1. If you roll a 1.4 Å probe over the range 38-103 with all protein chains in place, what percent of the accessible area is carbon or sulfur?
2. Sort 77, 168 by accessible area with a 1.4 Å probe, largest first.
3. Which distance in nm do the two modelled labels at residue 56 and residue 94 give, with both placed 7 Å along the Cα-to-Cβ direction?
4. Amide H neighbours of residue 88 under 5 Å, at least 5 residues apart or on other chains, H built in the peptide plane: list them.
5. As a test of the definition: which semi-axes, in Å, follow for the range 50-92 when you take the square root of five times each eigenvalue of its alpha carbon gyration tensor? Largest first, please.
6. In whole Hz, what ³J(HN,Hα) sequence does the range 78-88 give by Karplus (6.51, -1.76, 1.60; θ = phi - 60°), x for Gly and Pro?
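The values are calculated or read from the model by the stated rules, or taken from the named source; none is laboratory data. Since this is a predicted model, take the numbers as computed values, not measurements. Note that each Cβ is placed from the backbone with ideal geometry, even for glycine, and that neighbours are counted across all protein chains shown. Just so you know, the surface numbers come from the protein's heavy atoms only, side chains and all, with ligands and any DNA or RNA stripped out. Shrake-Rupley method; radii C 1.70, N 1.55, O 1.52, S 1.80 Å.
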Amino acid sequence: MTTNFDLRTFSIKPSPSITEFLGGLSCAPEKFDRRLFNTDLLAILDVEEIDKTAIICQSMGGWTGLQTAVYHPERGSCLALSITPGGIKIPTVAAALTELSRVFAERGLGTAAVADGFTQEILETAFLYRQIGLFNINLPVDLSNRNPAEIHPDEMDGYCVATLMITSEHYQKFTPNLIREVSKHIPDS
């Protein structure tokens, strides 16, 4: 396990933007490739000499987690998907991503990725979410078809990683009904 680490925290006090904080680190939009997300996780696990771990994902992290569980099940003891369809390719998920892309373009990622009214009701947590969202520098607003990384339901045959799906009725982008539908394609979730 790594003994040296850099802990970054956020507060509602004025501070430099995340872009300034990271020294302008960014990813060119043409290099933003969801198909590669799980390779980042696997590289970290390899460097840390972690053979198997619980994988817990929220939102866009679901692409990473489900890809890892499907294509490298030996690396995940279990998977938790929070407010994410994880990249399962079914028509209702494609429609939700298209709508989410429209809302991102209209309202911005930091506000649109949370439940309606959340940013006005819970200011401290909403601020934290917006700050974390700023890590997604140059994130393409069209998440519906750029560098597809979907997992087709037939790829779930033989899926063996225990999976828990978590959602909320407050989050209207990936509704509880949508997450229930996705769970039908993930064995034993």
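1. Working: 1760 of 2900 Å².
That share works out to 61 percent.
2. Values: 77 65, 168 30 Å².
The most accessible residue leads, giving 77, 168.
3. The modelled label-to-label distance comes out at 3.4 nm.
4. The answer is 151.
5. Details: eigenvalues 73, 25, 8 Å².
So the three semi-axes of the range 50-92 are 19, 11, 6 Å.
6. Karplus values, whole Hz, x for Gly and Pro: 6, 9, 10, 10, 10, 6, 7, x, x, x, 5.
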